[in-house]
Structures are given as C-alpha cells and as structure tokens.
1. Label points 7 Å out from Cα along the Cβ direction at THR31 and GLU98: separation in nm?
2. Mean shadow of the stretch 14-80, computed from the convex hull of its alpha carbons, in nm²?
3. Using θ = phi - 60° and the Karplus form 6.51 cos²θ - 1.76 cosθ + 1.60, what ³J(HN,Hα) does each residue of the stretch 118-126 get, whole Hz, x for Gly and Pro?
4. Stretch ASN24-ASN40 to full length: gain in nm at 0.36 nm per residue minus the Cα-Cα span?
5. Find how much the distance from THR85 to ASP58 grows on full extension, using 0.36 nm per residue of separation minus their present alpha carbon separation; answer in nm with one decimal.
6. If you plug each phi of the stretch 62-75 into the Karplus form 6.51 cos²θ - 1.76 cosθ + 1.60 with θ = phi - 60°, what whole-Hz ³J(HN,Hα) values come out, in order, with x for Gly and Pro?
7. How many nm is it between the label spots at LEU75 and VAL105, if each spot is 7 Å from the Cα in line with the beta carbon?
8. Where does the stretch 20-148 land on Rg/Rh, using Cα atoms and the Kirkwood Rh?
Amino acid sequence: MTENTKKGGRPRGYRPEYVQLAHNYTLLGATEDQLAEFFNVPAATVKSWTKHRPEFADAIKRGKILADAEVANSLFRRGTGYPCTEVTTREIKNPAGEVTSYETVTVTSEMPPDTDACIFWLTNRQPDKWRNRIEIEHADKRESSTPDQDTPATPNQNDAA
C-alpha cells in the first residue's frame with residue numbers, strides 16, 4: 001500500500017459548495033434525510049458531515065431557524081388576520097364589443113383571523129393553558145377487598161336478631 005492510497009470504503013464526497021446548497025435547501029424545509037437524497041449520499045454521511053464540519057452544521061441550523069420563523073410568522077398572521085391586496089385586470093370594450101383598453105384594479109381587503117390557526121398556535125406555545133385534554137388525577141381510597149385479620153368485623157344488622 002502506498003502513501004497516496006486511501007483505505008477502503010465509500011468516498012465521502014464532501015465539497016465546500018455543499019454549505020450553501022444545504023442552507024438553501026433547508027430554507028425550503030428539507031430534513032437531513034432529504035439532504036442525503038439531494039446530495040446522493042446515505043443519511044449517515046450527512047450526519048457525519050454535520051458532526052465533523054461546523055460550517056455545514058451551521059448552514060443547516062440557520063436554514064432551519066429561518067424556515068421555521070417564516071412558517072411561524074405565516075401562522076401568526078393567519079391566526080390574527082391580515083390585509084390582502086389583489087390586483088386584477090379587466091377589459092374595456094367599445095359598443096361594438098371590441099377590446100379598446102385594459103384597466104388594472106387594486107382591491108385591498110382584510111382577511112379575518114382563522115380560529116384553527118389560533119388554536120394550533122396557542123396549544124403549542126402555551127400547552128399548560130391551552131391543552132386539548134384535561135388530566136384528572138384519581139386516587140383510590142378504598143382498601144383491599146379482604147378484611148384485615150386484626151380488624152374486628154362489624155356486626156351485621158341481621159345477626160342482632
């Protein structure tokens with residue numbers, strides 16, 4: 001074996017440009033498994049890159065944080081309502097029915113809050129106050145069904161006669 005000969009196993013194939021690619025793909029919501037598929041490597045290889053290459057791990061972390069923040073912002077807006085602007089174009093016709101020009105109309109309306117988004121937000125952000133189920137603590141105060149040997153039996157009313 002010469003000095004330049006690598007030991008057996010699959011080549012790792014890491015390249016510095018993977019940092020930006022991983023960041024961009026996690027901005028779109030990609031998971032580690034999806035990154036592995038994207039880079040055409042096993043998931044264990046992506047985990048190894050993340051462990052041994054801090055710049056790669058940081059790119060993934062930053063991408064996930066930004067993507068999660070964007071989704072959280074969208075959920076928040078959906079839960080609280082937001083203004084919505086719609087631009088439409090309509091045809092202006094002459095009396096003969098021919099199109100003579102086009103008119104652009106901008107309409108701004110208010111989207112109302114979505115109660116499902118509110119519930120989802122609150123149950124995840126404040127689970128102690130907004131959980132979907134109520135936990136009831138039950139304590140069984142009854143003793144075992146067989147009487148103790150030391151405890152005298154209570155007289156039965158039928159025995160008194």
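1. 6.1
2. In nm², the orientation-averaged hull projection of the stretch 14-80 is 4.3.
3. Couplings: 4, 4, 4, 4, 5, 5, 8, 7, 9 Hz.
4. Numbers: separation 16, 0.36 × 16 = 5.76 nm, distance 1.65 nm.
Contour length minus Cα-Cα distance gives 4.1 nm.
5. 6.0 nm
6. Using θ = phi - 60°, the values come out as 4, x, 5, 4, 5, 5, 5, 5, 5, 5, 4, 5, 5, 5 Hz.
7. 3.7
8. 1.32
Each reported figure results from applying straightforward, stated rules to the coordinates on display, with no laboratory input. All values derive from a computational prediction rather than experimental measurement. Reconstructed Cβ throughout: ideal geometry from the backbone, glycine too, with neighbour counts over all protein chains shown.
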